[in-house]
Amino acid sequence: MAFIKMKRLPPVGTRVRCLWQDIVGYINQPLKDVKIADVWTEGKLVKADKDFLVIATSQYIDDGPVDETLGDYTAIPRGAVKSIKPRR
């Protein structure tokens, strides 16, 4: 299955796999070793803001209003996202 371009995000509530690039800090390292990190995050797309996406890897069930639900979340800037595709 081909990856979906960022223009066409899966709907909020969809289980997704997101490939993105993360910042890496280097201290006292040679310049030739410096690079960004490729990362994948898999979970439910719970928020799609104009600046960032939020993927939940776990949430408490029936924990109250959606915006107050406790869980484990990853916020990813849209500019860092390489691809995102729905999972089954």
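The values are calculated or read from the model by the stated rules, or taken from the named source; none is laboratory data. For clarity, every value in this text was computed on a predicted model and none was experimentally measured. As a convention, Cβ positions derive from the backbone with ideal geometry for all residues, glycine included, and neighbour counts pool all protein chains shown. Calculation scope for accessible area: heavy atoms of the full protein, side chains included, ligands and nucleic acids excluded. Shrake-Rupley method; radii C 1.70, N 1.55, O 1.52, S 1.80 Å.
Could you report the chain's accessible area per residue, 1.4 Å probe, as an integer in Å²?
For the chain, the per-residue accessible area is 76 Å².
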* To do: Equivalent ellipsoid semi-axes for region 9-88, as square roots of 5 times the alpha carbon gyration tensor eigenvalues: give them largest first, rounded to whole Å.
  => 29, 14, 11
* Between the DSSP loop rule and a limit of at most 15 other Cβ atoms within 10 Å, which chymotrypsin sites (Phe, Trp or Tyr not before Pro) in the chain are left? -> PHE3, TYR26, TYR60
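Which whole-number percent is the relative contact order of the chain (Cα, under 8 Å, 6+ apart)?
Taking the mean separation of contacting Cα pairs over the length of the chain, I get 39 percent.
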* Heavy-atom accessible area ranking, 1.4 Å probe, most first, across ARG8, ARG87, ARG78 -> ARG8, ARG87, ARG78
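Around GLY13, under 13 Å between beta carbons, what's the net of Lys plus Arg minus Asp minus Glu among the other residues?
Surrounding charge for GLY13 is +4.
Dipole size in debye (nearest 20) for the chain around its Cα centre, Lys and Arg Cβ +1, Asp and Glu Cβ -1?
On the way: 15 positive and 11 negative charges, 156 e Å.
Rounded to the nearest 20 debye, it is 740 debye.
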* To do: Please report, as a whole percent, how much of the solvent-accessible surface of the chain comes from carbon and sulfur atoms (probe radius 1.4 Å).
  => 53 percent
* Asked: Who wins for biggest fluctuation among ILE27, ILE55, ILE36 in a Gaussian network model of the chain, springs between alpha carbons below 10 Å?
  -> ILE27
* Looking at the chain, how many pairs of lysines come closer than 16 Å at the Cα, when each pair is eight or more places apart or spans two chains? -> 11
